[in-house]
Amino acid sequence: MSRPPSLLIISHDIVGAQMAGPGIRAVQLARAVAPHLPVTLAVPAATPPDLGAVPFDVAAYDLERWETLAPLVEEHATCLAAGDLVGRFPALGNGPAALVVDGYDPVLAEWLAVCRHLPLETQHPLWQARLAYHPAQFHLGDFFICAGERQRDWWLGQLEAHGRINPATYAEDPTLRRLVDVVPYAMPDTPLHAAHAARDPLIKGVWPGIAATDRLILWGGGLWPWLDPLTAIRAMTQVASRQPAAKLVFPGTRHPNPAMAEMPSHHAAALALAEQEGLLDRHVFFGDWVPYADWPAVLAESDVAISLHLDTIETRLAFRSRILEYLWAGLPVVATGGDATGDLVAAYAVGEIVNVQDVAGVAAALLRLLDEAPAARAEGFGRARRELTWSHAAAPLIAFCQAPRRAPDRAGWLPQPVNLEPALTQAQANAAYWRDLAERYAQGRIMRALRSLDRLARRAGVKS
C-alpha cells in the first residue's frame with residue numbers, strides 16, 4: 001500500500017484511570033508498536049483521556065457515530081479493531097487502510113455464558129441480533145490476530161466457513177500465518193519496579209480486617225459467569241483453619257465501563273456464600289475496581305494469585321489476561337486447568353494447576369504456595385519475563401504494519417458483499433436495554449419485549 005506505515009488502534013472499551021483487559025491490551029499494543037512506526041489510540045470518549053507521557057497519540061471518538069472515527073481512519077495506513085467494531089462500522093474494511101481484526105476475546109462464547117440465565121425463547125432474538133455483528137469481520141479483515149494457537153485453530157475454522165481460506169490466501173502463504181497469526185496478551189517489558197513494592201500499602205493494613213502482616217491471596221479480575229469464585233471461597237474455609245493470616249481479596253467486582261454495569265456476574269452469590277461460611281470481612285474481602293496506576297502496587301503486596309473457571313466452551317478459547325500480570329509480578333498462581341494460560345502456568349512451573357470445582361484441591365494448592373519460600377520458582381518467573389513480553393508478543397502485528405497490504409482474496413474471491421450499514425447501535429446493548437428487558441420479563445410482558453427485539457433483528461438484516 002502506498003501510504004507510509006502508521007497504525008490506528010481503535011479501542012471499543014474505555015481507556016483511562018480504570019481499565020479492564022480490552023482497554024489495557026489496546027494501550028500496551030500501542031506502546032509495543034510505537035517504537036517502530038507512528039501510532040494513534042482511538043478511545044470511545046467525549047475527550048481524549050490523560051494517559052500521561054505515552055509514545056503515541058490519543059484521540060476520542062463516539063461509538064454511535066462513524067463520522068467521528070472516519071477522519072482518523074483516513075489518516076492511517078493500518079487500522080486495528082475488535083470484531084464487534086467491524087460489525088458496527090463495516091466501512092473500516094472498505095477504505096484505504098488495511099484492516100487488522102483483533103480476535104483475542106472470545107466474545108460469542110462469553111455471550112452464551114452471560115445470557116444463559118434467560119429463557120431460550122428470550123435468548124433466540126437476542127442471539128440473532130448478536131450474530132448480525134458477526135460476518136463483517138471475517139469478510140473485511142486483511143489480517144487477523146488472536147491470543148494463542150487454540151484460538152488460531154478456531155479462527156481458521158471461522159475463516160474457512162466464510163470463504164477466506166481459498167486459493168488466493170493459500171498461494172500467498174500455505175501456512176496461512178499471513179492471514180491469521182498469534183499476538184497474545186503479554187506482560188510489560190520493564191520489570192515490576194521496586195518502587196511499587198516500596199509504596200504505602202493499598203490493601204494490607206488499610207482494608208478493615210486485613211493486617212499488615214497478613215498473607216494476601218489475589219483474585220485480580222472480575223467475577224464473570226464463566227469464572228468460578230465460589231470454589232475459591234469454599235476453599236478458604238479450609239485454608240483459614242490452617243493459615244489464619246490468609247486473606248482472599250476480590251478487588252475488582254464492578255466493571256469499570258458503565259455500559260457493562262448490568263452484566264451478570266457471581267458477585268451477589270459470592271457475597272452470600274462468604275457470609276454463609278462466616279468468612280466475609282474476616283477471610284474474604286470484596287472491593288470495587290483498582291485504578292490502573294495502583295495495580296502494580298497491589299500485585300507487589302500480594303503473596304499468591306488465584307484464577308478459577310468453569311468447564312465451558314469459553315475455557316477452551318480463553319486467554320486470562322490477569323495471569324500474565326501475576327507472572328510479571330512473580331506471584332505464584334493457583335489456576336484451573338484447561339485454558340491456554342493454565343498451560344503457561346504449568347509450562348513455566350510458576351504455580352499449581354487444579355481441577356474444575358475441586359475445593360479440596362484448591363485449598364491444598366493455596367496452602368502449599370503460601371508455605372513456599374519466595375524464591376522457590378524464581379527460574380520459571382525469570383524465563384516467563386524474558387519470553388512473554390509485549391514487544392515479543394506484538395512482533396507479527398509490527399511486521400504487518402511495517403508493510404501493510406490488502407489481503408489477496410479481497411478482490412474477486414469472496415462469495416458475497418457486506419452490508420455497509422452498521423448492524424446495531426451501542427444503545428441496544430447498554431445497561432438500560434438489559435434493565436428494560438428484565439423489567440418487561442418480570443412484569444409478564446415478554447411478548448412485547450420479543451416483538452421489540454424482533455424488529456431490531458430485522459433492521460439488522462436477520463430473521464428471528
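In this simple spin-label approximation, Ile353 and Arg316 carry label points 7 Å from Cα along the Cα→Cβ vector, and these lie 1.7 nm apart.
Any chance you could run the full-extension gain for Asp153 through Ala395? It's 0.36 nm times the residue separation minus the Cα-Cα distance, nm to one decimal. Can you show the working numbers first?
Details: separation 242, 0.36 × 242 = 87.12 nm, distance 1.95 nm.
Here the segment from Asp153 to Ala395 would lengthen by 85.2 nm.
Reducing the stretch 217-246 and the stretch 25-88 to their Cα centroids gives an inter-centroid distance of 37 Å.
3J(HN,Hα) along the stretch 383-399: 5, 4, 5, 6, 9, 10, 8, 4, 5, 6, 5, 7, 3, x, 5, 4, 4 Hz, from the Karplus curve 6.51 cos²θ - 1.76 cosθ + 1.60 with θ = phi - 60°, whole Hz, x for Gly and Pro. Rounded to a whole number of µm²/s, how large is the Stokes-Einstein D of the chain at 20 °C and 1.002 mPa s, given Rh as the Kirkwood radius over C-alpha pairs? Translational diffusion coefficient: 92 µm²/s.
List the residues of the stretch 1-37 whose backbone N lies under 15 Å from a point placed 7 Å from the Cα of Asp288 along the Cα-to-Cβ direction. Once the point is set 7 Å along Cα→Cβ of Asp288, 17-19 turn out to lie under 15 Å by backbone N, inside the stretch 1-37. Distant-in-sequence amide contacts of His12, defined by a placed amide H-H separation under 5 Å and a gap of 5 or more residues or a different chain, comprise Ala82. Label zone (Thr190, point 7 Å along Cα-to-C-beta; backbone nitrogen cut-off 16 Å) within the stretch 32-54: 32-35, 51-54. What does a probe at Ser2 reach in the stretch 72-94, counting residues whose amide N is under 18 Å from the point 7 Å along Cα→Cβ? Answer for the stretch 72-94: 74-78, 94. Amide H to amide H distances under 5 Å link Val354 with Ala335, Thr336, Gly337, where only residues 5 or more positions off or on other chains count and H is placed in the peptide plane. Can you give the translational diffusion coefficient of the stretch 218-327 in µm²/s, computed by Stokes-Einstein from the Kirkwood radius over Cα pairs at 4 °C and 1.567 mPa s? Calculated translational D: 89 µm²/s.
Taking other C-beta atoms within 10 Å as the exposure proxy, Lys247, Lys204 rank Lys204, Lys247 from fewest upward. Modelled spin labels at Val54 and His267, positioned 7 Å past Cα toward Cβ, are 2.5 nm from each other. Computed 3J(HN,Hα) for the stretch 105-122, one whole-Hz value per residue from the Karplus formula 6.51 cos²θ - 1.76 cosθ + 1.60 where θ = phi - 60°, is 9, x, 4, 5, 5, 5, 4, 4, 5, 5, 9, 4, 6, 7, x, 4, 5, 7, glycine and proline marked x. Eigen-decomposition of the gyration tensor built on the alpha-carbon atoms of the stretch 197-274 gives equivalent ellipsoid semi-axes of 24, 18, 9 angstrom, largest listed first. Every helix of 4 or more DSSP H residues in the chain counts as -39500 (n - 2.57), and over all residues that averages to -11500 deg cm²/dmol at 222 nm. For the stretch 194-388, the equivalent ellipsoid built from the Cα gyration tensor has semi-axes of 22, 20, 18 Å, listed from largest to smallest.
Just the number, please: percent antiparallel of the DSSP beta bridges in the chain, rounded to the nearest 5.
Working: 1 of 43 bridges.
Of the beta bridges lying entirely in the chain, close to 0 percent run antiparallel.
Read the figures in this text as sums done on the coordinates, not as results from a lab. Everything quoted here is computed from the prediction, not taken from an experiment. With ideal geometry, Cβ positions are generated from the backbone for all residues, glycine too; neighbour counts draw on all protein chains shown.
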